[in-house]
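Down below is the structure, laid out as structure tokens.
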Amino acid sequence: MADAPKVDPSNLRSVLATDCGSTTTKAILIEKVDGAWRQTWRGEAPTTVEAPFEDVTRGVLNAAQEIAELSGRALVWEADKDGKGSGGRSGIITPQRSPTEGVDIYISTSSAGGGLQLVVGGVVRSMTAESAQRAALGAGAIVMDAFATNDKRRPHEQIERVRQLRPDMILLAGGIDGGTRKHVVALAEMLAAARPRTRLGGGFNLPIIYAGNQQVADDIREILGPISDLQVVPNVRPVMEHENLGPARDKIHDLFMEHVMAQAPGYSKLMEWSDAPIMPTPGAVGLIMQTIARQRDINVLGVDIGGATTDVFSVFDGTFNRTVSANLGMSYSVSNVLAEAGLSNILRWVPFDIDEKELRNRIGNKMIRPTTIPQTLQELKIEQAIAREALRLAFIQHKEFAVALKGVQQERTIADAFRQVGQQTLVQMMDLDLIVGSGGVLSHAPRRVQSMRMMIDAWAPEGITEMAVDSIFMMPHLGVLSSIHEQAATEVFEKDCLVWLGTCVAPIGPMAPSKPALRVQARLPDGQVVDDRLTQGDLKLYPLTRDDQIELTLTPLQRSLDLGEGPGKVRISKVRGGVVGLVIDLRGRPIVLPQDPVQRVPLLQRWVSAVGEYGEGGHSRWAGEVS
């Protein structure tokens, strides 16, 4: 593995990037075409980290070979006849030798083998332990558990739990610099008593990163040094008012490469091939999110909904947060969604009458056969109803985690007495500029309008918000590319990665029913003049492409309505559409549905028809069918 690319970024012409997932290895070819960076070819193959292959590079080579066959470009070099390569294929051809042979650099991300699994610890759960969690999640880890002196578990229970978990590494924080000593030492002694072992085994000690009170570092070395591979880095919370997460994140990544990846089958070869450090997949997704937010100076919210977990990413005013909802997914964890959301919350999004017992059985069948996909329109509607609840629950968890630092003294004014507690979260929907969705249920929905509706219903954006989906789950590849060539990563992200769905306009505030609530005025690209008065509960779709930009005048007809300028204030904005278009949502925030199915089902069907969600009504040609 190289610490830096072998080729000067300014001279790059082609990049091969792979993402080694738990089940599928995805490869893309990125090339400079007519002076602009584009994603040109893609391939995929089953991941081969487990028996009988036990060599992750075989899946990488198979995915690269598919690109080679499609593009006519030789990407894989063959071993000698007597050589012991992976099925005769022994590596990626770098650097590029000609327009039809090789690539300038090869880069990769990975979540194969369960990804990066951490346990974190801190003195106070809501302060230093939470800062340690943010550092771990930002590095792309799954946090298996968080320990603190105030987490109500007795020492022997904590010791037993650490022994059971067998994480890839432990991140221990605690105390500001010069602060508490006794409690930090107590946490270290608990870990020493547990003598934790690594998940992958092997003849090495478990990596432990200490990122707490630096005045206690010598004590920590004495306690944990003999039983672990101890690394001391600067404090994640050096003072109560400030976090310093960068050093801990960097060390997590270094140890991930040195210990975890090195022990996984075939990764030593993969690291030799790669021209940049291999990143954990979620860490790479977070990196491209932060890059886009910084370059465009916008607030971004993203989600990756998978079969077992749902990751939520946000960047608000430059502050990045990531959460992993480890038991909310669309296949392996689908029954957990049912358990957490409740049957009634899933049922409220099903736009037809269905018996509760039948719905429960269908969800159970999905859990038993997690790799199946919907075969009928009814099954698709049920799956998308479940997805709304998985997204909603994951988003709630994210908002609870993405908060201002706790324990910090703040100057208060009389206005603070009237604010809701929930407003302490950094995720303020009225300030949000862009929502990006990825994961099978969003990226591969039969019609793009279904993806847009799922995210609107689950996350209830406010004001004016652009929406997009990752076309082929390309964000991990672009995240690692951004660490080498930021311009190339952002160009491909804008042009090829994102499928722009359109813009959602949603006012907040109470609305009197059956009375005009919002006046919408605009001139569409085809010359049509729009002057509509919408009422409470309306959902309306206007045809508008990504290439079109119109001036939209929004006039509240009820004083309580707020579109971001204040209650009752007119808002004039320039907006773009997408493969779906411009959606005006007057269903209120939060979206409340009748409990009685006699009232609820017709209302859902009205919304479905309004946007042409399943091929009926709306502007069906704008609904964004996926080929």
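The modelled label-to-label distance for the pair Leu405/Glu358, using points 7 Å beyond Cα in the direction of Cβ, is 5.6 nm.
Only Lys, Arg, Asp and Glu count, each charged at its Cβ (+1, +1, -1, -1), so figure out the dipole size of the chain about its Cα centre, rounded to 20 debye.
For this selection, approximately 1280 debye.
Placing R0 at 22 angstrom, the Cβ-Cβ distance between Glu258 and Arg195 gives a FRET efficiency of 0.55 after rounding to 0.05. Using only side-chain charges placed at the Cβ, +1 for Lys and Arg and -1 for Asp and Glu, the dipole size of the range 98-211 relative to its Cα centre rounds to 660 debye.
Considering only Ala136, Gln158, Gly175, and ranking their Cα positions along the charge dipole of the range 115-268 that arises from unit charges at the beta-carbon of Lys, Arg, Asp and Glu, the one farthest toward the positive end is Gln158. Think of the chain as a dipole: +1 on every Lys or Arg Cβ, -1 on every Asp or Glu Cβ, centred on the Cα centre; then among Thr555, Thr535, Ala194, Thr535 lies furthest on the positive end. For Rg and Dmax of the Cα atoms in Å, the value computed from the atomic coordinates appears in the list [x] 36.1, 140; [y] 24.2, 79; [z] 25.6, 81 under label [z].
Projected label points at Ala339 and Asp526, each 7 Å from Cα along the beta carbon direction, are separated by 5.0 nanometres. Contact order, relative form, for the chain: 11 percent (alpha carbon pairs under 8 Å, 6 or more residues apart, mean separation divided by residue count).
Partner aspartates and glutamates whose Cα lies under 18 Å from the Cα of Lys569, excluding those fewer than 8 positions away in the same chain, are identified as Asp431, Glu462, Asp531, Asp532, Glu551, Asp585.
Model label sites at Thr545 and Ile396, defined 7 Å from Cα along the beta-carbon direction, differ in position by 4.2 nm.
Between Thr376 and Lys182, full extension at 0.36 nm per residue minus the direct alpha carbon distance yields a gain of 63.7 nm.
Assuming charge only on the beta carbon of Lys and Arg (+1) and of Asp and Glu (-1), the dipole of the range 9-112 about its Cα centre is about 260 debye to the nearest 20. Each Lys or Arg adds one and each Asp or Glu takes one away; over the other residues whose Cβ falls under 12 Å from the Cβ of Pro196, this sums to +2.
Segment Ile368..Arg221, full-extension length gain: 48.2 nm, with 0.36 nm per residue of separation and the alpha-carbon distance subtracted. Compared with the direct C-alpha span, the chain from Arg154 to Gln424 gains 94.1 nm at full extension, assuming 0.36 nm per residue. Looking at the range 9-112, the DSSP beta bridges with both ends there are about 75 percent antiparallel.
Between Gly342, Gly302, Thr149, the Cα set farthest toward the positive side of the dipole of the chain (charges on each charged residue's Cβ, about the Cα centre) is that of Gly342. Hydrophobic long helices, here whole DSSP H runs in the chain with Kyte-Doolittle means of at least -0.5 and Cα atoms spread over 30 Å or more along the helix axis, are found at 377-401.
The phi-based Karplus calculation (6.51 cos²θ - 1.76 cosθ + 1.60; θ = phi - 60°) puts the 3J(HN,Hα) values of the range 168-174 at 6, 6, 10, 10, 10, 10, x Hz, whole numbers, x for Gly and Pro.
Any read-out appearing in this document is the output of simple, stated calculations on the displayed coordinates, not a laboratory observation. Remember, predicted model here, so these are calculated numbers, not experimental data. All Cβ positions, glycine included, derive from the backbone under ideal geometry; neighbour counts span all protein chains shown.
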